[in-house]
1. Within segment 201-248, which residues are hydroxyl-bearing (Ser, Thr, Tyr), at pLDDT 95 or above and surrounded by fewer than 22 Cβ atoms within 10 Å (Cβ to Cβ)?
2. Kindly provide the set of residues from segment 72-96 that are small (Gly, Ala, Ser) and touching a residue at least 40 places away in the same chain (Cβ under 8 Å), ordered by number.
3. Quick check, is residue 34 over 21 Å from the mean Cα position of the chain (by Cα), at pLDDT 95 or above, within 13 Å of the ligand (Cβ to nearest atom) and of a type in the set (Asp, Glu)?
4. Find all pairs meeting these conditions: Cβ atoms under 7 angstrom apart; at least six residues apart or on different chains; first residue within segment 124-152 and over 18 Å from residue 14 (Cα atoms); second residue among the β-branched types (Val, Ile, Thr) and assigned to a loop (DSSP other than H, G, I, E, B).
5. Looking only at segment 199-218, which residues are part of a helix (DSSP H, G or I) and touching a helix residue (DSSP H, G or I) at 6+ places or on another chain (Cβ under 8 Å)?
6. Scanning for something within 17 Å of the chain's Cα centre (by Cα), under 23 Å from residue 278 (Cα atoms), assigned to a helix (DSSP H, G or I) and within 16 Å of the ligand (Cβ to nearest atom), does segment 175-186 turn up at least one residue?
7. Just to be sure I understand the filter: pairs with C-beta atoms under 7 Å, separated by 6 or more residues or on different chains, first member in segment 266-277 and farther than 18 Å from residue 178 by Cα, second member assigned to a helix (DSSP H, G or I). Which pairs pass?
8. Being under 19 Å from residue 137 (Cα atoms), more than 10 Å from the ligand (Cβ to nearest atom) and out of contact with any helix residue (DSSP H, G or I) (no Cβ under 6 Å at 6 or more places or on another chain) is the filter here, so list the residues in segment 71-101 that pass it.
Amino acid sequence: MKIAFIGLGNMGGGMAANLVKAGHEVSAFDLSQDALARAKENGCATFTAVPDAVAQAEAVVTMLPNGGIVKAVYTSDVIGKAPAGALFLDCSTIDLATAREVAGLAEAAGYEMVDAPVSGGIAAANGGTLTFMVGGTDAAFAKASQVLEPMAKAVIHAGAIGSGQVAKMCNNMLLAIHMIGTCEALALAEKAGLDPQKFYEISSKSTGYNWSLNDYTPAPGIGAKSPADNDYQGGFASALMLKDLRLAMAGADTAGATVPLGEHATRIYEAFVDAGNGGKDFGAIFTTL
Ligand code: NAD
């Protein structure tokens, strides 16, 4: 297939390379010259303007920082510039309202679009093992799956347009909440006189078990290997978790949902990032307790 790929950063760079490896013809664009040079090394054809990159595309994939940029790129340079019948796949993590708005504009112009945000970080993007949660019609999902498979461990149809972003924001809000809860429980165990390693052994096999405790233990030297064992370097940056929590809070507002623990988790990560810790793994909340 002829695929245009816009946004070749930490995530998009590896994703575009995996599309090339699968035999697709990839036309790439990014504002960064370094990102473009890397894409060229990985076998992409590179362009200096989005309309040129999408001019022949059967599918357009975007992996961009936020909803404002996604909307600007589609409305200025993709809608009306890509050939009629091209499929649009936005894999960025963005707010629900913008995802629905851009898809509506694409549809009004005669294009099919899916929102397809991902779970998995840079290693999964490079390794082709991302999980895609896809919102769109059955027909659009079937076409999108062919594009997404070479980049994926799993491609799941979440529901109608916007459902991928709903799944992503709910998942990451839940992740933030159980991470903070896990940090609190580990710190309380230690302060109350229980060896935190014993707490891990017991709770990871009891009703307190959860991914943050069992697979990503946020206390150094305890339980599963995680960024905690490397001074909270690498992993999932607190600033990115805060971005996702803010999207979840905006989504809750749009949906009229009440999310008291989500709001509290957002305030906790805001304070942590404001104190200069945005680059630390999100399990570093443990160090504040
Ligand atoms: P990044 O900042 O590394 O990459 C974004 C790229 O977009 C950059 O190369 C930038 O130059 C480019 N860009 C910005 N504006 C542009 C424009 N107008 N036209 C073309 N290119 C433009 O970010 P990333 O880590 O690759 O994340 C991309 C998306 O994936 C975000 O929405 C993020 O939330 C999501 N995500 C990231 C991770 C992660 O671990 N990094 C995990 C899951 C989801």
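The values are calculated or read from the model by the stated rules, or taken from the named source; none is laboratory data. The model shown is predicted, which means the values in this text are computed figures rather than measured ones. Neighbour counts are summed over all protein chains in view; Cβ atoms, including those assigned to glycine, are modelled from backbone coordinates with ideal geometry.
1. 203, 204, 206, 207, 209
2. 82, 92
3. Against the criterion (over 21 Å from the mean Cα position of the chain (by Cα), at pLDDT 95 or above, within 13 Å of the ligand (Cβ to nearest atom) and of a type in the set (Asp, Glu)), residue 34 qualifies.
4. That search, which allows pairs on different chains as well, returns 135/161; 136/161.
5. Once the filter is applied, which keeps residues that are part of a helix (DSSP H, G or I) and touching a helix residue (DSSP H, G or I) at 6+ places or on another chain (Cβ under 8 Å), segment 199-218 yields 199, 200, 203, 211, 212, 213.
6. There is at least one residue in segment 175-186 that is within 17 Å of the chain's Cα centre (by Cα), under 23 Å from residue 278 (Cα atoms), assigned to a helix (DSSP H, G or I) and within 16 Å of the ligand (Cβ to nearest atom).
7. Final answer for the pair search is 273/238; 273/239; 273/242; 277/238; 277/284.
8. Within segment 71-101, 84, 85, 86, 100, 101 meet the criteria.
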